[in-house]
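Novice: Got a structure here, written out as structure tokens. Questions coming.
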Amino acid sequence: MARLQEVYNQSLIVKLSEKLGIKNRHAVPRLTKIVVSMGVGKATQDRKRLEEAVSHLGMITGQKPSIRKSRIAVSAFRLRENMEIGCAVTMRGPRMYEFLDRFILLALPRVRDFRGLNPKSFDGHGNYSTGLTEQMVFPEIPADKVAFTQGMNITFVTTARTDDHGRALLAELGIPFSTK
């Protein structure tokens, strides 16, 4: 079992139920999945960018990414329908907790001028989204082998019904929110 998953099961459920005033331990918010996606707009001109993004996302998450295709055609962007323009991974269970642990302890401290994540990036239903500007903050990616820097979006999906409950859950798991 992943370290963070063990911490959640052993102590955080009790702590969150007291903090949020929830009596039933099964009603305490929990993390259900983490979705990491990369939109590679330049893949329309250069196929190697998408291939590199897929390989890097696979190294970061430990799962094979699924290729995402465009739904509509936009001539101004030289984009046709069903062109491959991104990749995504959905993680659940122990692999999700392992990724979260590495994200908090290894990747975020390597972000330049990091002062905490925005505490207002919730969607109104307890889910949180953030982004990174480059994939090289993860130690799995060798910086000398990167041809193109690529950003990524990370979404934490929870069972929380409100943003406050979701924020409390993620803060207890160790997500460093900024205080200002």
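The values are calculated or read from the model by the stated rules, or taken from the named source; none is laboratory data. Small disclaimer: the values here were computed from a predicted structure and weren't measured. Neighbour counts run over all protein chains shown; Cβ positions are idealised from the backbone, glycine included. Keep in mind that these areas ignore ligands, DNA and RNA; they rest on the heavy atoms of the full protein, side chains included. Shrake-Rupley method; radii C 1.70, N 1.55, O 1.52, S 1.80 Å.
Novice: Report Rg (one decimal) and Dmax (nearest whole number) for segment 69-108, counting Cα atoms only, units Å.
Specialist: 16.6, 43
Novice: Next question. For a Förster distance of 45 Å, can you work out the FRET efficiency between the beta-carbons of residue 76 and residue 2, rounded to the nearest 0.05?
Specialist: Numbers: r = 45 Å, r/R0 = 0.99.
Efficiency, rounded to the nearest 0.05: 0.50.
Novice: Can you show me the helix-derived [θ] at 222 nm for the chain, built from DSSP H runs with n ≥ 4 at -39,500 (n - 2.57) apiece and divided by the number of residues, rounded to the nearest 500. Provide the component values of the computation, followed by the final result.
Specialist: Values: 5 runs with 49 residues, N = 180.
Result for the chain, helices only: -8000 deg cm²/dmol.
Novice: Multiplying the sequence separation of residue 147 and residue 105 by 0.36 nm and subtracting their Cα-Cα distance, what value in nm do you get? Kindly include the intermediate steps, with their values, before the conclusion.
Specialist: Details: separation 42, 0.36 × 42 = 15.12 nm, distance 2.56 nm.
So the chain would gain 12.6 nm between residue 147 and residue 105.
Novice: Compute the length gained on full extension between residue 113 and residue 17: take 0.36 nm times their separation in residues and subtract their Cα-Cα distance, giving the result in nm to one decimal. All intermediate terms of the calculation are to be shown ahead of the outcome.
Specialist: On the way: separation 96, 0.36 × 96 = 34.56 nm, distance 3.44 nm.
This chain segment gains 31.1 nm when fully extended.
Novice: What pairs in 33/145; 69/120; 23/64; 33/69 have C-alpha atoms more than 28 Å from each other? Show your work: numbers first, answer last.
Specialist: Values: 33/145 30 Å; 69/120 30 Å; 23/64 39 Å; 33/69 22 Å.
Going by Cα-Cα distance, 33/145; 69/120; 23/64 fall outside the 28 Å limit.
Novice: Along the Cα-to-C-beta direction of residue 35, a point sits 7 Å from the Cα; which residues of segment 79-122 have their amide N less than 17 Å from that point?
Specialist: Answer for this model: 85-93, 96, 121-122.
Novice: Which angle from 0 to 90°, rounded to the nearest 10, does the C-alpha axis of helix 163-173 make with the longest principal axis of the chain?
Specialist: Relative to the chain, helix 163-173 is tipped by roughly 90 degrees.
Novice: Please give the per residue accessible area of the chain, computed with a probe of 1.4 Å over protein heavy atoms only, in Å². Provide the component values of the computation, followed by the final result.
Specialist: Values: 10390 Å² over 180 residues.
That works out to 58 Å² for each residue.
Novice: Treat every Asp and Glu Cβ in segment 74-128 as -1 and every Lys and Arg Cβ as +1, leave all other atoms uncharged, and give the resulting dipole magnitude about the Cα centre to the nearest 20 debye. Spell out each step's value before the answer.
Specialist: Working: 9 positive and 6 negative charges, 33 e Å.
The dipole of segment 74-128 has a size of about 160 debye.
Novice: Below 8 Å, C-alpha to C-alpha, sequence gap of six or more: please give me the relative contact order for segment 1-118 in percent.
Specialist: Working: 134 pairs, mean separation 34.4, N = 118.
29 percent.
Novice: Separate question: Applying the Karplus parametrisation 6.51 cos²θ - 1.76 cosθ + 1.60 with θ = phi - 60° to the phi angles of segment 110-117, what ³J(HN,Hα) value in whole Hz is obtained for each residue in order, glycine and proline being reported as x?
Specialist: 8, 6, 5, 6, 7, 10, x, 7
Novice: Give me the percent of accessible area attributable to carbon and sulfur for segment 1-155, probe 1.4 angstrom. Write down the numbers at each step before the final one.
Specialist: Numbers: 4440 of 9130 Å².
The computed percentage sits at 49.
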